[in-house]
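See below for the structure under consideration.
The values are calculated or read from the model by the stated rules, or taken from the named source; none is laboratory data. In this text the structure is predicted, and so the values were computed from the model without any measurement. Every residue, glycine among them, receives a Cβ derived from its backbone with ideal geometry; neighbour counts consider all protein chains shown. Quick note on the areas: whole protein, heavy atoms, side chains included, nothing else; ligands and nucleic acids left out. Shrake-Rupley method; radii C 1.70, N 1.55, O 1.52, S 1.80 Å.
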Amino acid sequence: MSSFRDALGFPRLQQLYDYWYRVRGTRDVPLRSDIDPLDMRGVLGHVVLLDVERDPIRFRFRLVGTELARVRGVDLTGRYIDEANVFSAHDALIRFYTRTVTEPCIGLQRGPDKLVDARIGCMFRLALPMSSDGRAIDMILGGFEYRRTSDGCTYTEIYEPLSPPRGSDN
């Protein structure tokens, strides 16, 4: 068990992390076609799927879980992270997702976020790179959890480099 997995701190994020590793198999990252929503029933409301566009790099919400839409007060499906009024800290979020794609690696970001009732909560985001063609990372499977907090929420990021796939000779 990795210390990164332990750092996720939430059973749903750990479940999504384990699922990603399981469907990854012997590849560097899983294919989009490997993902079956029926296998993610316990976490699906807390999942996002982001399309990665390049030149310039942009991230578009392909799928937004119902729980994220509820706590944010808006369904972001089809919208870009860098659009006005989507995220107040979109620069930090874009840097986080960009690093996940370009290194590539798995990332966990924790930071304050405005919730539907205008209160500040602490959002925990997990980013798991994926590919539609087996070569280029062009999608991110994301999971999130949030906690309301009255004592603030410090901004942190941790990353886990992609380990060699199971069954590889590396």
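For the stretch 18-29, the condition holds for no residue, the condition being that it is modelled with pLDDT under 95, small (Gly, Ala, Ser) and within 15 Å of Phe124 (Cα to Cα). Candidates in the stretch 37-80 are the residues that are open to solvent by less than 60 Å² (accessible area, probe 1.4 Å) and part of a loop (DSSP other than H, G, I, E, B); of these, the one that is nearest to Thr98 (Cα to Cα) is Ile57.
Screening Arg22 against (1) part of a loop (DSSP other than H, G, I, E, B); (2) surrounded by fewer than 17 Cβ atoms within 10 Å (Cβ to Cβ); (3) not small (Gly, Ala, Ser) leaves a single unmet condition, (1). Scanning the stretch 14-41 for residues that are more than 14 Å from Ser132 (Cβ to Cβ) and of a type in the set (Ser, Thr, Tyr) turns up Tyr17, Tyr19, Tyr21, Thr26.
How many residues are open to solvent by 40 Å² or more (accessible area, probe 1.4 Å) and either in a strand (DSSP E or B) or modelled with pLDDT of 85 or more (or both) when one looks only at the stretch 112-133? Looking only at that region, the number is 5. Checking every residue in the stretch 94-107 against the condition of being under 22 Å from Gly134 (Cα atoms), among the acidic types (Asp, Glu) and open to solvent by 20 Å² or more (accessible area, probe 1.4 Å) gives at least one match.
Among the residues making up the stretch 136-170, a single one is touching a Pro at 6+ places or on another chain (Cβ under 8 Å) and modelled with pLDDT under 70: Asn170.
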